[in-house]
């Protein structure tokens, strides 16, 4: 394994030193490497990047990446997981809003994240490692989290019956493909894209209501005037 000053923990600040300051610096360094990795894996496939390539483009000793992530695969999984956490946090929120407004907020947050973090979004949805059980599980976890967020906004609870869950999951899978195309071509404004997705979600929820009346579609909040 390649060594360098970054691996000399006794002298290197921010790497595994006792105390809060050392921990903060270590976390900041790890986050910096993940940010670099998002860009690298967005532009180049997983198999095409060696650890030497990554270290050279990140301008760090290869041993530093091994120190934080153990392997290239560990590095990639950390990048995907970090991107997923960021996306889910952007899509959630607005618990105080009426159901229809929460749905708007969730979709707006999702699109805003995809628009301003295109490399990270492609990493989540497309990836570059082919089929990998752990990567697949991470991607499934973000789908489940978004489905639960939409369900909570629409129905007031995160866990719903198989019918509405399947309907929301099918809608979300179509959203992923449409959003990838949208950030590549930007033929629509974000506002128009959001309204399109809101309306297709409304159609999905009305179909659920027809099949199961215990899951009524949210009604738009009444506006005065």
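Worth a mention:
- Relative contact order of segment 23-102, pairs being alpha-carbon contacts under 8 Å that are 6 or more residues apart, as %: 27
- Prolate/oblate/rounded label for segment 56-201 (Cα gyration tensor, a/c 1.5): prolate
- Theoretical gain in end-to-end length, residue 32 to residue 89 [0.36 nm per residue, Cα-Cα removed]: 18.6 nm
- Euclidean distance between Cα centres, segment 145-212 to segment 38-72, Å: 35
- Shape class for segment 156-223, computed from the alpha carbon gyration tensor (a ≥ b ≥ c): oblate, with a/c not under 1.5 and a/b at or below b/c.
- Two-site FRET efficiency, residue 46 against residue 180, from Cβ-Cβ distance with R₀ of 22 Å, rounded to 0.05: 0.75
- Estimated at 0.36 nm per residue, the fully extended path between residue 191 and residue 134 surpasses their Cα-Cα distance by 17.1 nm.
No value in this document is a laboratory result; all are computed from the given coordinates. All figures in this text were calculated on a predicted structure; none of them were measured in a lab. Please note: Cβ atoms are built from the backbone with ideal geometry, for glycine as well, and neighbour counts cover all protein chains shown.
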